[in-house]
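Values quoted throughout were computed directly from the atomic coordinates according to the rules given, and no laboratory measurement underlies them. Quick caveat, the model's predicted, so the values are computed rather than measured. Please note: Cβ atoms are built from the backbone with ideal geometry, for glycine as well, and neighbour counts cover all protein chains shown.
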Amino acid sequence: MDDILGEAQSIIQCKECPWYKSCILPMRFTADDLRRQMQQTPGMDTSQMTDVNMQNMLANMATAAQNTLLEGCPVLIERLRSNPALAQRVKELMHNWGKENENPD
């Protein structure tokens, strides 16, 4: 009985979630976002922010972060944390992405 109630709660929680059908999104931020964050950090020397090298570094950091960070629905994250087998299946799906369409000639 607990399994049925837990599953029902998960379904309801998922459908009420503002992330519904958008469970995973790449994080989006720019070099300006990083610059603003650095300016708000106490003790950070922001006098070099106009330097071209600093601008390039911030742009590169923003690009690298966008390629590695991900926002995720809290329901999905909790399900992945509580079920290692599910997380492994998702990982395998991603590793094999596109291979099911290949023709073995």
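The figures follow:
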| read-out | value |
| --- | --- |
| Under Karplus coefficients 6.51, -1.76 and 1.60, residue-wise ³J(HN,Hα) of segment 69-74 in Hz, glycine/proline x | 9, 9, 8, x, 4, x |
| Inter-probe distance in nm under a simple model that places probes 7 Å from Cα toward Cβ, at ALA64 and CYS23 | 3.1 |
| Linear extension gain, ILE12 paired with ASP33, 0.36 nm per residue minus alpha-carbon span | 4.1 nm |
| Efficiency of FRET between LEU80 and MET54 - r from beta-carbon atoms, R0 25 angstrom, step 0.05 | 0.10 |
| Using θ = phi - 60° and Karplus 6.51 cos²θ - 1.76 cosθ + 1.60, couplings along segment 56-68 (whole Hz; Gly, Pro as x) | 5, 4, 5, 5, 5, 5, 5, 5, 5, 5, 5, 7, 10 |
| Placed amide H near GLU71: partners under 5 Å, 5+ positions off or other chain | LEU25, MET27 |
